[in-house]
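The values are calculated or read from the model by the stated rules, or taken from the named source; none is laboratory data. Since the structure is predicted, the reported quantities are computational estimates derived from the model, not experimental observations. Positions of Cβ are generated from backbone atoms using ideal geometry, with glycine treated the same way; all protein chains shown enter the neighbour counts.
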Amino acid sequence: MLRYITGLQPSGALHIGNYFGAVRPAVELQDRGEAFYFIANYHALTSTQHGPTLREYTHNLALDLLACGLDPAKACFFRQSDIPAVPELAWILSTITPMGLLERAHSYKDKIARGLPASHGLFAYPVLMAADILLYRADVVPVGKDQKQHLEITRDLAIKFNETFGDVLQLPEPYIRDEVATVPGLDGQKMSKSYGNTLEVFGTEKALRKKVMSIVTDSTPVEAPKEPAGSTIFQLYQLFAPADEVNLMERQFREGGVGYGEFKKRLFETFWETFRPLRERRARLQADPGYVESVLADGAARARIVAEETMRKVRAAVGLADP
Ligand code: AMP
Ligand code: TRP
């Protein structure tokens, strides 16, 4: 049975780009192998530096993922910072990490270019991620395209460690989800928190309706035929509407006679109904105050056992403990 590991950063409200791009694929994988899913709060600390906010984002992401179908009976679900071996292995790996390897990392260069201060944590981010992956001896790491280079760095570090200290760490295979289409945002660009064009999975009805009604369109009049292919409304509708409804909207686009406002209303209604069961599940979980913490504590206890097994070998190999 294959072991999967992936981390999600708690960086604010979950949007439907995250849902279709990362969360739903992860939920599907929990039935196909041994899944380890964690909330990457150490990583988030490189960008969210306000205690109450990070705590809130972490708790909310745990609730969101459970509401979206992450099943703690199938997947081991935990918080990164509950595993003390993570920073321990990250330090050990950092002693064999060539500076040049990190200097070439795009994600570091991109973040600096976007104005984040150049901290050591941001620079060492890929080493921390390598520790996350190597600790649990994962076979496969499902990630978005933007994480491809981090996986290459992880493999480079595992190879270097094994050459230096003996064959201890298992090389993971990346599983890049590039078959998942990019979800467009309200303005037609990629949906992303940094563009302010998101539709939240668990937003309020009023705010979400307003957002859907604000989707940018061209100025084709009601009666004129419209092209569905490039339309954000149609692309979003295709994500959740049943096939016959999608066909109907497509035909009405091409025939003309229905305005964008009407299509947006239909999009909103379908979106709202699609996520209703998830919303209801989230409300039920939230009503049980100790639930999330007990799930995360249980997941951490299981993850620590696996991590400790790796660490015993690592400490012995590098000379921090007796073999
Ligand atoms: P982020 O917090 O933006 O790094 O997103 C976390 C993960 O969600 C990414 O690695 C992607 O797999 C996925 N994701 C984010 N935005 C989108 C989008 N607009 N379309 C598809 N997937 C997305
Ligand atoms: N860096 C990843 C992201 O931003 C999150 C992450 C942290 C991760 N550690 C990981 C993903 C380990 C996969 C495996 O999306």
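The rows are residues; the columns are (1) part of a helix (DSSP H, G or I); (2) not assigned by TED's automatic domain parsing to the domain that holds Leu134.
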residue: Gln252; (1), (2): yes, yes
residue: Gly261; (1), (2): yes, yes
residue: Arg266; (1), (2): yes, yes
residue: Glu280; (1), (2): yes, yes
residue: Glu293; (1), (2): yes, no
residue: Leu296; (1), (2): yes, no
residue: Ala307; (1), (2): yes, no
residue: Lys313; (1), (2): yes, no
residue: Pro323; (1), (2): no, yes
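From the list Thr6, Thr46, the lone residue that is more than 15 Å from the chain's Cα centre (by Cα) and polar (S, T, N, Q) is Thr46. Taking the conditions (1) of a type outside the set (Phe, Trp, Tyr); (2) surrounded by 15 or more Cβ atoms within 10 Å (Cβ to Cβ); (3) over 22 Å from Glu308 (Cα atoms); (4) away from ligand 1 (no atom under 15 Å from the Cβ) in turn, Arg155 satisfies each one other than (3). When Thr182 is tested against (1) over 29 Å from Arg302 (Cβ atoms); (2) part of a loop (DSSP other than H, G, I, E, B); (3) more than 21 Å from the chain's Cα centre (by Cα); (4) touching a residue at least 24 places away in the same chain (Cβ under 8 Å), exactly one condition is not met: (3). For the stretch 59-68, check the following and say yes or no: at least one residue is surrounded by fewer than 18 Cβ atoms within 10 Å (Cβ to Cβ) and more than 10 Å from ligand 2 (Cβ to nearest atom). So far as the stretch 59-68 goes, yes, one or more of its residues are surrounded by fewer than 18 Cβ atoms within 10 Å (Cβ to Cβ) and more than 10 Å from ligand 2 (Cβ to nearest atom).
Residue check: is Ile92 over 21 Å from the mean Cα position of the chain (by Cα) and closer than 27 Å to Ala300 by Cα? When the stated conditions are applied, Ile92 passes them. For the stretch 25-70, a tally of residues being free of Cβ contacts under 8 Å to residues at least 24 places away in the same chain and in a loop (DSSP other than H, G, I, E, B) returns 2.
Evaluated against (1) more than 16 Å from Thr270 (Cβ to Cβ); (2) within 23 Å of the chain's Cα centre (by Cα), Lys211 falls short on exactly one condition, (1).
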